[in-house]
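Sharing a structure here in structure tokens format.
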Amino acid sequence: MKVPKACFNNEATTRGKNRGILFFAVISLVLIMSVLCISHVSAQDVKPDNAVGYYTENGKVTWIIPGQGIDVTQLAGATPSMIEKLYPMTPQAEAAIVHQVPTSSVIIDGTLYQAKQISQFNGKRLRFIAGKDGTLNAFTTPEKLEQFQTEQYGVVSPQTTTNSVFYKDWYYTGQALGLTPGNGLPNLNQIGFDNYISSAVATTTGTWSYIYDYANYGGDYFGMAKGSSYPSLTIQGWNDRASSIWVYQ
């Protein structure tokens, strides 16, 4: 059947409009992300010398300054095992741990478990990390975690500038919380971020960033490698869970 030329013209016009709409959507998304990035950069450009981070609320930036109403732990060169010794969990608190079921299988101490099998480790603290291949790993001791970090990512040289940024919503949106390497916030409830972190971008100049299940760096925790990003922490089973954070120097 022969199709009139006008039909081809209409089809071409429709395709052209669709391309135009797609192009406009892409440009709009880029502009939105640029505005978000600029807001964080400009916030850091004017920060006080003694500020170690910031958080946003209703578009307003509040600087995190040690000794001014927000608990801040400052310890350069700390490691996960050092933090656990400085902030030990009581046997009773560890025995009460009930692990959230992740959306994927998890490799615990080198053995693959289906997601629901994580309940076998209830009552025992786990330290989570994503491998370079994206797999979810967990370890029953901080030393095993640190060994895996070195094997997967090598020894990372510490620096002390760029923030790790944690967001209340997926895809790096919503209220934001930034923290420079060498600092920790033991109580996110003080700034309205307790159990609200849903996405994160780890500093490119520190070493590791951690979110902890409980206040005072307690319970399970999840490590983020230097420069890594997590648009939806639901995938790792860590959406809206963090009650304290630490950014390693």
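The values are calculated or read from the model by the stated rules, or taken from the named source; none is laboratory data. These numbers come from a predicted model, not from an experiment. Reconstructed Cβ throughout: ideal geometry from the backbone, glycine too, with neighbour counts over all protein chains shown.
Filtering the range 205-232 down to residues that are among the β-branched types (Val, Ile, Thr) and over 16 Å from LYS132 (Cα atoms), which residue is surrounded by the fewest Cβ atoms within 10 Å (Cβ to Cβ)?
THR205
State whether the residues of the range 145-159 include one that is more than 17 Å from TYR214 (Cα to Cα), within 17 Å of the chain's Cα centre (by Cα), exposed (fewer than 15 other Cβ atoms within 10 Å of the Cβ) and not basic (Lys, Arg).
no
Here is a follow-up. Quick check, is THR79 in the same structural domain as THR203 (by TED's automatic domain parsing), out of contact with any Leu (no Cβ under 7 Å at 6 or more places or on another chain) and either acidic (Asp, Glu) or modelled with pLDDT of 90 or more (or both)?
Taking the combined requirement at face value, the residue does not satisfy it.
Taking the stated definitions as given, is ILE235 hydrophobic (A, V, I, L, M, F, W, C), assigned to a loop (DSSP other than H, G, I, E, B) and surrounded by fewer than 18 Cβ atoms within 10 Å (Cβ to Cβ)?
So ILE235 fits the description; yes.
Also, I was wondering about something else. If TYR248 meets every condition in (1) crowded, with 24+ Cβ neighbours inside 10 Å; (2) at pLDDT 95 or above apart from one, which number is that one?
Condition not satisfied by TYR248: (2).
Could you tell me how many of the residues in the range 193-232 are assigned to a loop (DSSP other than H, G, I, E, B) and either of a type outside the set (S, T, N, Q) or under 14 Å from LEU179 (Cα atoms) (or both)?
Total satisfying the criteria: 13.
Anything in the range 82-130 that is touching a residue at least 40 places away in the same chain (Cβ under 8 Å), assigned to a loop (DSSP other than H, G, I, E, B) and either under 26 Å from PRO186 (Cα atoms) or assigned by TED's automatic domain parsing to the domain that holds GLY227 (or both)? List them, or say none.
Across the range 82-130, the qualifying residues are TYR87, MET89, ILE97, HIS99, GLN100, VAL101, PRO102, ARG125, LEU126.
Let me ask something else. Please verify whether ILE235 is of a type in the set (Val, Ile, Thr), within 27 Å of PRO66 (Cβ to Cβ) and in the same structural domain as GLU84 (by TED's automatic domain parsing), treating the condition exactly as stated.
No.
Also, I was wondering about something else. Out of the residues in the range 238-249 meeting the condition of being part of a loop (DSSP other than H, G, I, E, B) and among the aromatic types (Phe, Trp, Tyr), tell me which one is farthest from the chain's Cα centre (by Cα).
My answer is TYR248.
Count, please, the residues in the range 157-192 that happen to be among the small types (Gly, Ala, Ser) and not in a loop (DSSP other than H, G, I, E, B).
Here the count works out to 5.
Consider only pairs whose beta carbons are under 7 Å apart and that are at least six residues apart or on different chains; among these, list those whose first residue lies in the range 40-54 and is among the aromatic types (Phe, Trp, Tyr) and whose second residue is in a loop (DSSP other than H, G, I, E, B) and modelled with pLDDT under 75.
Here the result reads TYR54/LYS47, each pair linking the range 40-54 to a residue that is in a loop (DSSP other than H, G, I, E, B) and modelled with pLDDT under 75.
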